[in-house]
Amino acid sequence: MAKNNLLSEQLAYIGVSCTPTHLHLCSYNAESICMQDGKDIDSLIPYLNKNAINWIQIHGFQNTEVIQHVCQNFNVDFLTIQDILNSNHQTKIEQHDTYNVVILKLLFSNDDGYVPQQIAIVQGGNYLLTFMEKETDFLNNINTALEKNVLKIRNRQSDFLLSVILNSVMASFISIISELEDGLEDLEEQLLSPEQTDMPGIENIQQYRRNFRVIKKCILPLKEEISKLLHTTDNDLLHKASRPFFNDVNDHLQFVLQTLDGCRDMISALVDIYLSNNDRRMNSIMKQLTVVSTIFIPLTFLAGIWGMNFQWMPELGWRYGYVFAWTLMLILVAVIYFYFKRKKWY
């Protein structure tokens with residue numbers, strides 16, 4: 001039974017990651033950039049620059065005290081810290097007086113499909129905090145862009161960095177959903193192929209259905225939440241100059257959602273095709289069995305007649321009776337076979 005977090009003063013990590021808690025600081029402005037690693041916020045405080053954007057990446061939630069001290073240093077409230085430490089928290093975007101909070105899911109592939117990992121982002125005036133359960137290189141390309149000052153990224157405010165991270169998340173989902181769509185199209189071609197050898201089974205479709213549900217669960221809540229960033233008018237942390245970049249994030253989100261709807265319809269169609277193929281294969285088998293039965297019914301009848309042990313039967317003393325019986329049965333088989341061929345029943 002889930003506990004009421006409003007009745008607890010203790011912070012606890014709700015998740016399965018064993019990654020030790022550690023921090024990465026990237027403090028930058030138009031003139032310079034400073035990279036520094038640390039185990040806690042105290043080791044990074046000397047490198048924080050009030051005249052720069054301070055981006056702190058926190059990986060691993062094992063040490064909740066470190067997480068709490070980081071958040072307290074930037075005046076993040078207790079409930080938000082609880083949400084950050086809960087890896088099962090639903091996707092949400094919240095606006096507070098001095099910071100914005102974004103909690104969403106990333107997907108990473110493994111042998112069984114996709115595994116969700118939570119990423120929490122706290123954006124303030126001159127800082128941005130990203131919390132991830134595990135060590136990952138997902139944000140490395142943004143670090144590289146900051147080092148090289150691509151498109152003068154270091155000249156912009158923290159909200160632009162937030163939009164860049166959200167765009168990276170959307171790009172990840174676009175890659176995943178495109179891969180899912182391509183896989184479904186390949187599966188459809190196999191199911192519709194006239195060659196019935198090595199046909200995919202229902203377990204292949206089920207794997208795509210499981211992946212679809214995981215993707216949908218992660219991305220669908222953003223449909224409503226992203227509007228909070230797009231339609232807010234009283235948030236001083238989101239500048240007018242950054243609006244086009246958040247609109248771009250929304251465009252990517254809409255593309256993912258539309259593609260997801262297409263994948264849902266395709267999965268339903270694949271299930272119907274699979275069931276239709278099964279019916280067709282069953283009908284083919286039944287037709288073959290019917291042909292065999294039809295051929296052997298008259299032969300069984302003739303064998304039954306000549307197999308009776310009556311003493312007086314006219315054919316028993318006939319020299320050519322055995323040859324005649326075989327000839328008659330072969331003629332019957334040939335007649336029935338060519339009749340089916342002419343009717344195109346076989």
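The values are calculated or read from the model by the stated rules, or taken from the named source; none is laboratory data. Since we're looking at a predicted model, the values are computed, not measured. Cβ placement follows ideal geometry from the backbone for every residue including glycine, while neighbour counts extend to all protein chains displayed. Accessible surface areas use protein heavy atoms only, side chains included; no ligands, DNA or RNA. Shrake-Rupley method; radii C 1.70, N 1.55, O 1.52, S 1.80 Å.
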Tell me which residues, restricted to region 220-251, are part of a loop (DSSP other than H, G, I, E, B) and open to solvent by 30 Å² or more (accessible area, probe 1.4 Å).
LEU220, PRO221, HIS231, THR233, ASP234, ASP236, HIS239
Selection status of LEU299, assigned by the TED database to the domain that holds ARG213 and surrounded by 14 or more Cβ atoms within 10 Å (Cβ to Cβ)
no
Picking from VAL66, VAL115, VAL70, the residue that is closer than 24 Å to LEU222 by Cα and among the hydrophobic types (A, V, I, L, M, F, W, C) would be VAL115
Just to check your reading of the model, which residue among ASN110, ASN143 is modelled with pLDDT of 90 or more and surrounded by fewer than 18 Cβ atoms within 10 Å (Cβ to Cβ)?
ASN143
Please specify each residue of region 285-296 satisfying the condition of being open to solvent by less than 80 Å² (accessible area, probe 1.4 Å) and either β-branched (Val, Ile, Thr) or in the same structural domain as PHE212 (by the TED database) (or both).
THR290, VAL291, VAL292, THR294, ILE295
Return the pairs, sorted by first residue and then second, in which the second residue is part of a helix (DSSP H, G or I), the first residue lies in region 327-344 and is farther than 15 Å from LEU299 by Cβ, the beta carbons are less than 7 Å apart, and the residues are 6+ apart or on different chains.
PHE340/VAL291
Counting only residues in region 252-263 that are touching a residue at least 24 places away in the same chain (Cβ under 8 Å) and more than 13 Å from GLU188 (Cα to Cα), the one surrounded by the most Cβ atoms within 10 Å (Cβ to Cβ) is identified as VAL256
Considering each residue of region 314-342, count those that are of a type outside the set (Val, Ile, Thr), open to solvent by 60 Å² or more (accessible area, probe 1.4 Å) and either in contact with a strand residue (DSSP E or B) (Cβ under 6 Å, 6 or more places away or on another chain) or closer than 15 Å to ILE295 by Cα (or both), and give that number.
6
Per-region count, region 17-55, residues open to solvent by less than 50 Å² (accessible area, probe 1.4 Å), assigned to a loop (DSSP other than H, G, I, E, B) and closer than 13 Å to ILE67 by Cα
1
Can you spot a residue in region 4-16 that is open to solvent by less than 40 Å² (accessible area, probe 1.4 Å), in a helix (DSSP H, G or I) and hydrophobic (A, V, I, L, M, F, W, C)?
no
Return the residues of region 143-189 that are without any contact (Cβ under 8 Å) to a residue 24 or more places away in the chain and either touching a His at 6+ places or on another chain (Cβ under 7 Å) or of a type in the set (Val, Ile, Thr) (or both); say none if nothing qualifies.
THR144, VAL150, ILE153
Out of SER158, SER163, SER175, SER168, report the one residue that is hydroxyl-bearing (Ser, Thr, Tyr) and exposed (fewer than 14 other Cβ atoms within 10 Å of the Cβ).
SER175
Test of understanding: among ASN51, ASN63, which residue is farther than 23 Å from ASP236 by Cα, assigned by the TED database to the domain that holds GLY125 and not charged (D, E, K, R)?
ASN63
